[in-house]
């Protein structure tokens, strides 16, 4: 079975398109993504911005990381959709958040994202991996922002195959980019880093 | 808001997994001083009191979370801090060319620091992140737990250029007096009157005289001072027309309001006279041990010889104690009706001019009269460093790591003071306070 990347909801893409006209009227887009800015500045172009690819974006908090070792990533929250926009070889990621009801989509952030190309390349490699051919995995992005971790999360909704997590570069020293981790191995690798932050958490401190 | 701004500020990638605070503070230092030699590991060494974080940065003792306010203080660019900021707060700081920094609190624990360096209509902000790089985000994203999927703006750190500098080449032995047109007047260690521009140029003696106090300079160009003969003197700022108006002896710097001069006599009584030397009179029957503070609405505030705060109308009526307190310094009275003073416990106090609402804002010790400008109180700490705090007692911060021997003279944008090296110093704040 091929990897499954669910199509993004139309409302999510509409929310991205809705913000583009005001985005191209100022200098910020040209600073962050000059090629996208130039392309979107053409008449009516902003309204027709079309993602090359879109993924569900899940986030996991430190307090839920330990439980993921045994329960998988059930505690991960769907924070929205990440849309990949490609303009003349410039790769940009645009996040559109979604609320808990799943009905309300709002533009959240846009960046020139070197990791976006890495994600695309990794997904392409995973799609060719014969070891994954016997399961039907849905592809999502999993972030643990407090640790600066980004990974591709392969989840078999039928439950026949165990979750696989593939960290995307740049990675922390505890992880190896491109390696296939089980949920248990992934959380075990990050357990000490999470514990270190939680043990010394303070409302005015910062780390990663 | 419709403002569009983009500053040339960019946060370095953090070099270790826990060093966002070091990356942001180092980047702020390089924004204000591109030739700065500050590095992330130097900040970490100083903040964690170590010496090995440049040679062994990933070791557990070095790779630790930290506080951005303290790191910014170390690099000399911390202005003040508040909780979640408004979009207008960010725009206001950007308009001044002072990029604000933000703490992001992650859902589930942990925090992260980023910088802001641009804005655009529809509440779009350009942020720079030591992990995730630069991005355009909405204000709503930052304040509703959506930054990188789960982050919320929890704290705001305003930065400033904080240029501290020597003013001219001189030595002084008193608090300076600074005028709106940018001149600093001061008592030299040779006991003569001097002036110098706030940029250090134009230093000159003002006529031939000897003085023993901080001068008082009027908007119409007269310098009033206590001579070493304990007489009141005046001289034009260009050194002409020096004279000794009236027949008096004084113990303090004079205060001039309108065409009246107020002073503490050598008999410890409060006196006033017209600026031409006429109409010299005692103001009621009292004894004082400080320079009087005279307000535009016709009240004189002073420290009595009983070390309590007093007030009296300029015509001598209405004399009264202000609440129950003891003070060591001249009071400072604000236009909105607060009397600020150094208590005999060496802490800062404030009380309404009608004696109500006496309180001790903040947590500090002081060894000088305070000076209040806008919403900020400036004072010399008992540690001889310059301090500033908001009038509600919050935001207390050590300014620039300097030492002073005098009450600072604060304007809206800068502070001037006698250093412990007996030279004149200026400290320019680039953020609007």
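The values are calculated or read from the model by the stated rules, or taken from the named source; none is laboratory data. These figures come from a predicted structure and were not determined experimentally. Positions of Cβ are backbone-derived with ideal geometry, glycine not excepted, and every protein chain shown enters the neighbour counts.
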Report summary line: Picking from A:151, A:169, A:146, A:184, the residue that is part of a helix (DSSP H, G or I), in contact with a helix residue (DSSP H, G or I) (Cβ under 9 Å, 6 or more places away or on another chain) and closer than 30 Å to residue B:153 by Cβ would be A:146
Report task. Would you check if there is a residue in the stretch B:38-55 being free of Cβ contacts under 8 Å to residues at least 24 places away in the same chain and crowded, with 24+ Cβ neighbours inside 10 Å? Result -> yes
Query raised in the report: So is residue A:146 surrounded by 16 or more Cβ atoms within 10 Å (Cβ to Cβ) and facing chain B (nearest Cβ under 10 Å) or not?
Result: yes
Query raised in the report: (1) under 28 Å from residue B:123 (Cα atoms); (2) free of Cβ contacts under 8 Å to residues at least 24 places away in the same chain: which one isn't true of residue B:61, the others all being true?
Result: (1)
Report task. Could you grab me the full set of residues in the stretch B:258-295 that are within 31 Å of the chain's Cα centre (by Cα) and farther than 25 Å from residue B:174 by Cβ? Result -> B:259
Query raised in the report: When you go through (1) under 15 Å from the mean Cα position of the chain (by Cα); (2) away from every other protein chain (no Cβ under 14 Å); (3) part of a helix (DSSP H, G or I) one by one for residue A:139, which number turns out not to apply?
Result: (3)
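Every residue in the stretch B:365-424 that is in a loop (DSSP other than H, G, I, E, B), within 9 Å of the chain's Cα centre (by Cα) and within 18 Å of residue B:341 (Cα to Cα), please. Let's see the steps before the verdict.
Going residue by residue through the stretch B:365-424, those that are in a loop (DSSP other than H, G, I, E, B) are B:365, B:367-370, B:374-375, B:382-385, B:391-396, B:399-403, B:405-408, B:411-413, B:420-423.
Right, trim to within 9 Å of the chain's Cα centre (by Cα) and you get B:399, B:408, B:411-413.
Hit for the stretch B:365-424 is B:408, nothing else.
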Report task. Would you check which residues across the stretch B:296-309 are under 26 Å from the mean Cα position of the chain (by Cα) and in a strand (DSSP E or B) and list them? Result -> B:299, B:300, B:301, B:302, B:303, B:309
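Considering only the stretch B:136-153, state which residues are in a strand (DSSP E or B), in contact (Cβ under 8 Å) with a residue 40 or more places away in the chain and within 8 Å of chain A (Cβ to nearest Cβ).
First, pick out the residues of the stretch B:136-153 that are in a strand (DSSP E or B): B:136-138, B:147, B:151-153.
Then keep just the ones that are in contact (Cβ under 8 Å) with a residue 40 or more places away in the chain; that gives B:147, B:151-153.
Correct list: B:147, B:151.
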Requested in this report: Determine whether residue B:128 is more than 9 Å from chain A (Cβ to nearest Cβ) and more than 22 Å from residue A:111 (Cα to Cα).
Outcome: no
Query raised in the report: Which residue pairs have Cβ atoms closer than 9 Å, lie 6 or more positions apart in sequence or on different chains, and pair a first residue in the stretch A:111-130 that is away from chain B (no Cβ under 14 Å) with a second residue that is part of a helix (DSSP H, G or I) and surrounded by 13 or more Cβ atoms within 10 Å (Cβ to Cβ)?
Result: A:126/A:132
Query raised in the report: Quick check: anything in the stretch A:187-196 facing another protein chain (nearest Cβ under 8 Å), part of a loop (DSSP other than H, G, I, E, B) and either touching a helix residue (DSSP H, G or I) at 6+ places or on another chain (Cβ under 7 Å) or at positive phi (or both)?
Result: no
Query raised in the report: Condition test on residue A:175, is it within 14 Å of another protein chain (Cβ to nearest Cβ), assigned to a loop (DSSP other than H, G, I, E, B) and buried (at least 19 other Cβ atoms within 10 Å of the Cβ)?
Result: yes
Report task. Tally the residues that are out of contact with any strand residue (DSSP E or B) (no Cβ under 6 Å at 6 or more places or on another chain) and away from chain B (no Cβ under 14 Å), restricting the search to the stretch A:1-48. Result -> 17
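Quick check, is residue B:337 without any contact (Cβ under 8 Å) to a residue 40 or more places away in the chain and either touching a helix residue (DSSP H, G or I) at 6+ places or on another chain (Cβ under 7 Å) or surrounded by 15 or more Cβ atoms within 10 Å (Cβ to Cβ) (or both)? Don't jump to the end; show me each part of the working.
Values: without any contact (Cβ under 8 Å) to a residue 40 or more places away in the chain: yes; either touching a helix residue (DSSP H, G or I) at 6+ places or on another chain (Cβ under 7 Å) or surrounded by 15 or more Cβ atoms within 10 Å (Cβ to Cβ) (or both): no.
Spelling it out, it is not the case that residue B:337 is without any contact (Cβ under 8 Å) to a residue 40 or more places away in the chain and either touching a helix residue (DSSP H, G or I) at 6+ places or on another chain (Cβ under 7 Å) or surrounded by 15 or more Cβ atoms within 10 Å (Cβ to Cβ) (or both).
Among strands (runs of 3 or more DSSP E) lying entirely in the stretch B:72-122, which contain 2 or more residues that are free of Cβ contacts under 8 Å to residues at least 60 places away in the same chain?
On the way: elements: B:78-82, B:101-106, B:111-120.
In the stretch B:72-122, the matching strands (runs of 3 or more DSSP E) lie at B:101-106, B:111-120.
Residues in the stretch A:91-102: is at least one in contact with a strand residue (DSSP E or B) (Cβ under 7 Å, 6 or more places away or on another chain), over 23 Å from residue B:123 (Cβ atoms), assigned to a strand (DSSP E or B) and in contact (Cβ under 8 Å) with a residue 12 or more places away in the chain? Walk me through how you get there before you give the answer.
Step one: filter the stretch A:91-102 for residues in contact with a strand residue (DSSP E or B) (Cβ under 7 Å, 6 or more places away or on another chain), giving A:91-98.
Cutting the leftovers down to over 23 Å from residue B:123 (Cβ atoms) gives us A:91.
With assigned to a strand (DSSP E or B) added as a condition, the list becomes A:91.
Next, from what is left, pick out any that are in contact (Cβ under 8 Å) with a residue 12 or more places away in the chain: A:91.
Looking for residues that are in contact with a strand residue (DSSP E or B) (Cβ under 7 Å, 6 or more places away or on another chain), over 23 Å from residue B:123 (Cβ atoms), assigned to a strand (DSSP E or B) and in contact (Cβ under 8 Å) with a residue 12 or more places away in the chain, one finds at least one in the stretch A:91-102, hence yes.
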Query - Lone unmet requirement of (1) farther than 22 Å from residue B:299 by Cα; (2) free of Cβ contacts under 8 Å to residues at least 40 places away in the same chain for residue B:411 - result: (2)
Query - Residue count for the stretch A:103-113, restricted to those that are part of a loop (DSSP other than H, G, I, E, B) and under 13 Å from the mean Cα position of the chain (by Cα) - result: 1
Report task. Would you confirm whether any residue within the stretch A:60-69 is at the interface with another protein chain (Cβ under 8 Å from one of its Cβ atoms), in contact with a strand residue (DSSP E or B) (Cβ under 6 Å, 6 or more places away or on another chain) and within 24 Å of residue B:119 (Cα to Cα)? Result -> no
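For residue B:200, are the conditions met, namely being more than 14 Å from every other protein chain (Cβ to nearest Cβ), at positive phi and free of Cβ contacts under 8 Å to residues at least 60 places away in the same chain?
Working: more than 14 Å from every other protein chain (Cβ to nearest Cβ): yes; at positive phi: yes; free of Cβ contacts under 8 Å to residues at least 60 places away in the same chain: yes.
Criteria met by residue B:200.
Taking the conditions exactly as written (farther than 30 Å from residue B:368 by Cβ, at the interface with chain A (Cβ under 7 Å from one of its Cβ atoms) and modelled with pLDDT under 95), does residue B:133 satisfy them or not?
yes
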